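Everything below concerns the one structure shown next.
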Amino acid sequence: MADIIQLLPDHVANQIAAGEVVQRPASVVKELLENAIDADATVIKLIIKDAGKTLIQVIDNGKGMSVTDARLSFERHATSKIKAAEDLFNLHTKGFRGEALASIAAIAHVELKTKQQQDEIGTHIKIEGSEVVSQEVVVTPNGTSISVKNLFYNIPARRNFLKSNTVETRHIIDEFHRVALAHPNIEFSLYNNGSELFHLPVSNYRQRLVNTFGSKTNEKLVPVEEETEVLKISGFVVKPEFAKKTRGEQFFFVNNRFIKSSYLNHSVNAAFEGLLKPNTHASYFLYLTVNPKSIDINIHPTKTEIKFDDEHTLYAILRSAVKHSLGQFNIAPVLDFEHDSNLDTPYSYQNKTAQSPMVEVDRTFNPFKEEKPSGSVKQTYKKQNTSSWESLYVGLESKSNGDSEEFSELHFESEDEALTMFNDQAKETQKTFQLKNKYIINTIKSGMLVIDQHRAHQRILYEEFLQQITIKEAISQQLLFPIALHFDTQEIRVLETLKPQLEQTGFMFSKFEEDGVELQGIPTSVTNSQASFVLEQLIHDAQHEVPDSHFSQTDMLAKSLAKSLAIRTGQQLTNEEQEHLVNKLFACKEPTTTPTNKPTFITMNVDDLDKKFM
Ligand code: ADP
Ligand code: MG
């Protein structure tokens, strides 16, 4: 029988190898960028067209190649980076297999221009499908430029397999990020279809991240530093509040090489435990340095997975380092109401039943009357310690308050709203600050006050609605065009039981039928567009609250309306609005909690702050 085994021709072998190395344009980008880095380039330019399908070009200012090396670089297993098998265990370069250029040349039109510094002229080689088409001398700058055109031109199946340009470009950018983030000491730029997508100048690691991901990144980063005998860690984690829903920015670099490791990822997540909202993922940029002899990068052809000798130790060190950083930068949930409300609720008051503070109103006060600069300010207090919420405000007021004889009367914000608007003097000294469109920060004598705007407003509205329903009728705004709302019988029945109270708050029904209502008037605090939502929410709350007495029904109604109408987290408030809210809150009967008994604010004393600086 005749021999049937044959050696595959080189170009076929190369094509098969190419399948392993080059899955998509991004793989070419990775190989070319890594070669440029291995050539000690300090400036690297990446140019792509049509997501790399038409052109991928990398230009570097590295050491270049001699005529012979230029020719040899396209041979399989041609590498300048290892000489013996042992070298594999002490790698300091990105490439070592000597098959990237050979593989790429097998499946694309490749053009190489390269020159070494000591040479006068350079080499220009064209290769198509592993065939050298031309080789000539060329005038070219120091370094190397490689263009890869028409990728997979001779493997239509692979070419058709490529994803849309958007997807392939995304892959290229990811690859570019991975390389650029690992080497902030190298200048990188990326041009896509003729326009510059990135220009990353030489910088430190932090600045590289900011240049890559945008200026907002800076404030999100918490540095991580750790050095032990086996492992050095540096880099950053992203503060938990900026965690993403999608698994976005998770970067591990080992010895300046991007790697994927679900094991190490798990370790970082363990450090974040309890700090992330459900379904969000920690982001991190962590640079690990280990002895090259303790890792094996050779297990994966595209080299993004590596094996560590002592994974368990790395896991533990990494986790504690990240945890430590998160703790040090005080990302622990100190300001989280749900967690530590006892600790944060400011005074011994919290378990006592609330009493209305003693109030004296300055009935002679005229908001339109000009005040002398040294004159009394809108709120003054009898004694500093009469009630704890009052004491919160001591120190807030203008220093011009001055003499204690002026602490003779107190009048309430609810009575003097107009004042807030007219008394500029007080405004200057009453400094509030809105944090994350969620909290209002206010200085008080003992330190600072952090108010949850949504909760505070709920308290205010709740008391207003209660008052309206039980004491006085609210003003209703008449609608030019009545609003018709559809409800099912069940819902109408619920609404019916609440109708009298609703009318007290300002709702006016022009029709009340089996399948819906028509509103002819609504409370002044409600806008047209809110009306239906407010009623729907109310019906829902009523159905879930089982009202059994008139009182609890009123209470439920007030709570529900307050919840629906309270300003939201995320809403930006002007200084005036902030102050107004603060003033109104402390004019409430029970300013410390929401109608559902959650804290509306916390205080942080200077003592607390001092401790944090120890
Ligand atoms: P490897 O990087 O694994 O050695 P490659 O096929 O990527 O294999 O490259 C083959 C060789 O070509 C490299 O070892 C290097 O000597 C040379 N080479 C490739 N790209 C460059 C470049 N941009 N500058 C200088 N030399 C290069
Ligand atoms: Mg290489």
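The values are calculated or read from the model by the stated rules, or taken from the named source; none is laboratory data. Everything numeric here is computed off the predicted structure, so don't read it as measured data. Here Cβ is always computed from backbone atoms with ideal geometry, including for glycine, and neighbour counts include all displayed protein chains. Calculation scope for accessible area: heavy atoms of the full protein, side chains included, ligands and nucleic acids excluded. Shrake-Rupley method; radii C 1.70, N 1.55, O 1.52, S 1.80 Å.
Tabulated results
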quantity: Spin-label proximity, Lys293 to the stretch 229-247 - amide N less than 17 Å from point 7 Å beyond Cα toward beta carbon; calculated: 229-232
quantity: Alpha carbon convex hull of the stretch 154-289, projected area averaged over orientations, nm²; calculated: 10.7 nm²
quantity: Residue-normalised accessible area of the stretch 212-328, expressed per residue, 1.4 Å probe, Å²; calculated: 49 Å²
quantity: Ordering of 287-294, 51-58, 567-574 by burial proxy (mean other Cβ atoms within 10 Å per residue, highest first); calculated: 51-58, 287-294, 567-574
quantity: Sites Thr246 and Asn437 - FRET efficiency at Förster radius 22 Å, r taken between beta-carbons, to 0.05; calculated: 0.45
quantity: Whole-percent carbon and sulfur share, accessible surface of the stretch 212-328, 1.4 Å; calculated: 47 percent
quantity: Separation in nanometres of the label points that stand 7 Å from Cα toward Cβ, at Glu273 and Leu609; calculated: 3.4 nm
quantity: Theoretical gain in end-to-end length, His77 to Asp310 [0.36 nm per residue, Cα-Cα removed]; calculated: 80.8 nm
quantity: Cβ charges +1 (Lys, Arg) and -1 (Asp, Glu), total dipole of the stretch 212-328, debye; calculated: 540 debye
quantity: Amide H contacts under 5 Å for Phe251, placed H, 5+ residues apart; calculated: Tyr284, Phe285, Leu286
quantity: Magnitude of the charge dipole, the stretch 434-591, Cβ model with Lys/Arg +1 and Asp/Glu -1, debye to 20; calculated: 820 debye
quantity: Where N is the number of residues in the stretch 54-192, Cα Rg divided by 2.2 N^0.38 Å; calculated: 1.12
quantity: Label point distance in nm, Ser320-Arg206, each placed 7 Å from Cα along Cα→Cβ; calculated: 2.6 nm
quantity: From phi via Karplus (6.51, -1.76, 1.60), per-residue ³J(HN,Hα) for the stretch 63-70 in Hz, x at Gly/Pro; calculated: 6, x, 10, 6, 4, 5, 4, 4
quantity: Global size of the stretch 434-603 as Cα Rg and Dmax, reported in angstrom; calculated: 17.0, 58
quantity: Solvent-accessible area, 1.4 Å probe, carbon plus sulfur percent, for the stretch 10-202; calculated: 51 percent
quantity: Computed E for His199/Asn528 - FRET, C-beta separation, R0 41 angstrom, nearest 0.05; calculated: 0.25
quantity: Full-extension gain in nm, Ser510 to Arg170, via 0.36 nm per residue minus C-alpha separation; calculated: 116.6 nm
quantity: Calculated log₁₀ intensity ratio I(q)/I(0) where the Debye formula runs over C-alpha points of the stretch 212-328, q = 0.10 Å⁻¹; calculated: -0.28
quantity: Rounded to whole Hz, the Karplus (6.51, -1.76, 1.60) HN-Hα couplings of the stretch 474-490, x for glycine and proline; calculated: 7, 7, 10, 8, 6, 9, 5, 10, x, 9, 9, 10, 9, 9, 7, 4, 3
quantity: Restraint check, Lys277/Lys499; Lys115/Lys149; Lys53/Lys293; Lys260/Lys612; Lys511/Lys559; Lys81/Lys323, Cα-Cα greater than 30 Å; calculated: Lys277/Lys499; Lys53/Lys293; Lys260/Lys612; Lys81/Lys323
quantity: Fully extended contour minus Cα-Cα distance, from His92 to Thr68, at 0.36 nm per residue; calculated: 6.2 nm
